[in-house]
Each structure stands twice: as C-alpha cells, then as structure tokens.
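Read-outs throughout are calculated quantities, based only on the coordinates presented, and are distinct from any laboratory measurement. Nothing here was measured: the structure is a model prediction, and the numbers come from that model. No Cβ is skipped: glycine too gets one built from the backbone with ideal geometry, and neighbour counts run over all protein chains shown.
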Amino acid sequence: MRTIKLFEREINLIVNEELRMQVKSYMEERTPDYFWTDGASSSGKFHPAFAQGIGGLVRHTKAVVMFAEELLRMSSYAYMKDEYKDFVIAACILHDTIKYGWDEFDKAEYKNHAKNASAAFAEWCEQDGYTPHFLLLNAIESHMGQWSTD
C-alpha cells in the first residue's frame with residue numbers, strides 16, 4: 001500500500017514550498033516498496049511494538065515527526081528559523097526511507113541506511129535541479145546520533 005496520503009499532514013508541516021514538493025515527490029516516487037509495508041526493525045529489538053509488523057516503518061516515521069514537532073514547540077526552539085525547522089521535519093520524514101536497500105529489501109544494507117537515505121534524497125533532488133541544504137543531508141545521515149558509525 002504505497003500512498004503519499006499517509007504523510008500528507010507531516011509533509012505539510014514543511015513551510016518552504018520547494019523543499020515540501022521535493023520531499024513529497026521523493027516519497028511518492030522514490031521510496032522502495034518495502035518502506036510502505038515492512039516494520040521499523042527487522043530484528044524486533046530496537047523499536048517499540050507499534051513500529052513492528054506490516055506498516056511499522058510508516059508508523060515509526062510518523063511518530064518521529066510527531067515527537068520532533070512537539071520538541072520544536074518548546075521555548076528553547078520556538079525562535080528557531082523556519083528554514084531549520086523545515087530541515088528537522090524533512091529529515092524525520094526521510095531518515096529511514098532507504099532502511100533496507102536502495103530498491104529491493106536487503107537486510108545487509110541496514111548498516112548503511114542513514115548514508116543511503118541521505119544520498120538517495122540528494123540524488124533525487126539533483127535530477128530536478130534542486131540542491132538540498134547540507135544541514136538537511138547531514139541530519140538524515142547522522143540520525144542515529146551516538147550510534148552513527150561514520
């Protein structure tokens with residue numbers, strides 16, 4: 001069930017129209033089929049129960065955006081420029097889009113998923129002559145925080 005309508009609310013949080021359209025078209029046309037059907041964790045160890053099973057990766061991504069949106073409402077972030085808030089929301093939407101390989105499910109690609117998602121989005125945008133900001137690409141690539149290996 002590949003449907004961009006699942007992310008309509010989250011994508012509409014992005015203020016910058018050009019970035020919003022890039023994220024939307026990427027989600028509609030570039031994300032692998034497994035993104036829309038598989039769970040967020042192939043082992044079941046590192047994500048909560050709601051993110052497991054059919055559609056778990058979609059539910060996980062929506063939850064990440066929800067938490068980011070709440071954090072951005074806090075006073076310490078309230079004065080952040082909209083451009084940077086857009087990067088946060090876009091990175092949350094895009095962070096696991098290439099979780100298990102570029103096209104077909106390949107569990108071995110998990111270890112590269114952050115780098116792959118960043119590269120896939122950059123490649124997608126460049127086809128349209130749009131250059132995504134390096135902060136956005138870095139946020140996608142380093143979304144594992146202290147568990148990032150690069």
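Table for the structure above
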{"read-out": "Links that overshoot a 19 Å alpha carbon limit, given the list LYS5/LYS81; LYS62/LYS85; LYS24/LYS85", "value": "LYS5/LYS81"}
{"read-out": "Cα-projected label distance for HIS133 with ASP82, points at 7 Å along beta-carbon direction, nm", "value": "1.2 nm"}
{"read-out": "Burial ranking of peptide ranges 3-11, 93-101 (average Cβ count within 10 Å, highest at the top)", "value": "93-101, 3-11"}
{"read-out": "Paramagnetic label zone (point 7 Å from Cα along Cα-to-C-beta, ALA63; backbone N under 20 Å) in region 1-34", "value": "6-11, 34"}
{"read-out": "Cut-off 17 Å (backbone N to label point 7 Å along Cα→Cβ of GLU70), residues of region 1-34", "value": "10"}
{"read-out": "Positive minus negative residues near ALA63 (Lys, Arg vs Asp, Glu; Cβ under 13 Å)", "value": "-1"}
